1. Measure out, as a whole number of angstrom, how far apart the alpha-carbon centroids of segment 110-137 and segment 42-57 sit.
2. Among residues other than Y178 whose Cβ falls under 15 Å from its Cβ, what is the net charge (Lys/Arg +1, Asp/Glu -1)?
3. Taking θ = phi - 60°, what integer Hz values does the Karplus form 6.51 cos²θ - 1.76 cosθ + 1.60 yield along segment 10-22, in sequence order, with x for Gly and Pro?
4. With θ set to phi - 60°, apply the Karplus curve 6.51 cos²θ - 1.76 cosθ + 1.60 along segment 152-159 and write out the HN-Hα couplings as whole Hz, x wherever there is a Gly or Pro.
5. What residue among G129, N30, G182 has its Cα farthest toward the positive end of the dipole of the chain, where the charges are +1 on Lys, Arg and -1 on Asp, Glu, each on the Cβ?
6. Which of the pairs K92/K156; K47/K119; K27/K172; K95/K172; K52/K158; K28/K52 have their Cα atoms more than 29 Å apart in this structure?
7. Determine the dipole magnitude for segment 2-186: charges of +1 sit on the beta-carbon of Lys and Arg, -1 on that of Asp and Glu, nothing else is charged, the reference point is the Cα centre, and the result goes in debye to the nearest 20.
8. Kindly put S183, S157, S99, S14 in sequence by how many other C-beta atoms sit within 10 Å of each C-beta, fewest to most.
Amino acid sequence: MKLYALCDQDMLESQGVTLEEYIEVAKKHNAEIIQYRNKTADITYIKKQLIKIRKLYEGFLIVNDAYELVEYCDGVHVGQEDLTAIDEDIYKAVKILRSLVTEDKILGISTHNEEEVLKANHLDLNYIGLGAFRTTNTKKDITDTLGEELDAIAKKSKHLVAAIGGVQLDDKFEHVTYNVIGSGLLV
């Protein structure tokens, strides 16, 4: 399994971990991708953090939601709610995003069930995040988890699949390319 490290600013602050410390742990575990997520800061702060990560890390750097900062990283990841905020029609939303997140950049979206995965098969994406696999401390509002069903749903995706939500380093899947690990890296 390949590692996709989710670097959530709120999680770092709650655990007293610096950005630099998290990046070092991600590198120690050979993370191929780091996604920087910050749901509360302004765009200037997020930009500064992306620049800092880029200086410390040579792998793929993805920003969560802040597609206007795509020039500072290798791609963008958005959730279903973020897509519908761009346009109620997710097909149009992805076309709009693709006009900003060009083909030389990575574009991924979150999916939570088979229906969303099948819709994503018709979208111009590089990967999907699929989950939640199990409950997690970083997203307290998750009530439905996919558990062992995640791998069967992942098999139906034409895109690379990143397992999200409560995934641990030693979790194994047959149809998943990346395990997305957030605070679990720090254990």
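1. Segment 110-137 and segment 42-57 have Cα centres separated by 26 Å.
2. On the way: positive: K2, K172; negative: E32, D74, D151, D170, D171, E174.
So the surrounding residues net to -4.
3. 4, 5, 4, 5, 5, 9, x, 10, 7, 4, 4, 5, 4
4. Karplus-based 3J(HN,Hα) across segment 152-159 equals 5, 5, 4, 4, 7, 8, 8, 9 Hz.
5. Value: N30.
6. Listed pairs above 29 Å: K47/K119; K95/K172; K52/K158.
7. Numbers: 22 positive and 32 negative charges, 88 e Å.
Dipole size: approximately 420 debye.
8. Values: S183 17, S157 21, S99 8, S14 12.
Taking fewest neighbouring Cβ atoms as first place, the list is S99, S14, S183, S157.
Every number in this text was worked out from the coordinates using simple rules, so none of it is lab data. Bear in mind the structure is a predicted one, so any value in this text is a computation, not a measurement. A quick note on method: Cβ atoms are made from the backbone with ideal geometry, for glycine too, and the neighbour counts reach across all protein chains shown.
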